[in-house]
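Taking it in order: structure first as structure tokens, then the write-up.
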Amino acid sequence: MVRKLKRAKDKFPEIPDAGEMKKIIFHSILSYLSKQEGHVSKMEIKDLLFDAISLIPGFRVEWGEIQKFGKSKLLVNYKDKVLILDLEEISNAILKLWAYYLDTHPHHKPHK
């Protein structure tokens, strides 16, 4: 007797919840930066974004090959779709905002 296996329906909606995605990414960034006492590197921010996006339910994330996609590109897979996400601009924006915050809030400057 041959039995066919039923394919399990994937529990994720066709379109991910944008509000939930924003909450996860925003909370991850705030949580990380709140523990920092000084400047952070661009690579730290990119790794933080990688980790945050990986927390979104249903998302699989990996770095794109530099030769194929260029620097700072994340491949984000959701269901059968792939998004190529350029982290350069977003990481630069976060770094500028963080530097501004450090300059305007002296209690967060590193102790010498």
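For region 8-38, filtering for residues that are touching a residue at least 12 places away in the same chain (Cβ under 8 Å) and among the hydroxyl-bearing types (Ser, Thr, Tyr) leaves 2.
Filtered by the rule that a residue be exposed (fewer than 14 other Cβ atoms within 10 Å of the Cβ) and not charged (D, E, K, R), region 13-34 gives 13, 15, 18, 19, 26, 27, 30, 31, 34. Against the numbered list (1) surrounded by fewer than 16 Cβ atoms within 10 Å (Cβ to Cβ); (2) closer than 17 Å to residue 94 by Cβ; (3) modelled with pLDDT of 90 or more, residue 37 comes up short only at (3).
One residue stands out in region 40-76 among those that are assigned to a helix (DSSP H, G or I), under 9 Å from the mean Cα position of the chain (by Cα) and not β-branched (Val, Ile, Thr): the one that is surrounded by the most Cβ atoms within 10 Å (Cβ to Cβ), namely 49. Which of the residues belonging to region 77-106 are in contact with a strand residue (DSSP E or B) (Cβ under 9 Å, 6 or more places away or on another chain), outside any loop (DSSP other than H, G, I, E, B), open to solvent by less than 30 Å² (accessible area, probe 1.4 Å) and within 20 Å of residue 27 (Cβ to Cβ)? Within region 77-106, 78 is the sole residue that qualifies.
The values are calculated or read from the model by the stated rules, or taken from the named source; none is laboratory data. In this text, all values refer to a predicted model and were calculated from it rather than measured experimentally. Positions of Cβ are generated from backbone atoms using ideal geometry, with glycine treated the same way; all protein chains shown enter the neighbour counts. Ligands, DNA and RNA are stripped out before the accessible areas are found, and what is left, the full protein with its side chains, is counted by its heavy atoms. Shrake-Rupley method; radii C 1.70, N 1.55, O 1.52, S 1.80 Å.
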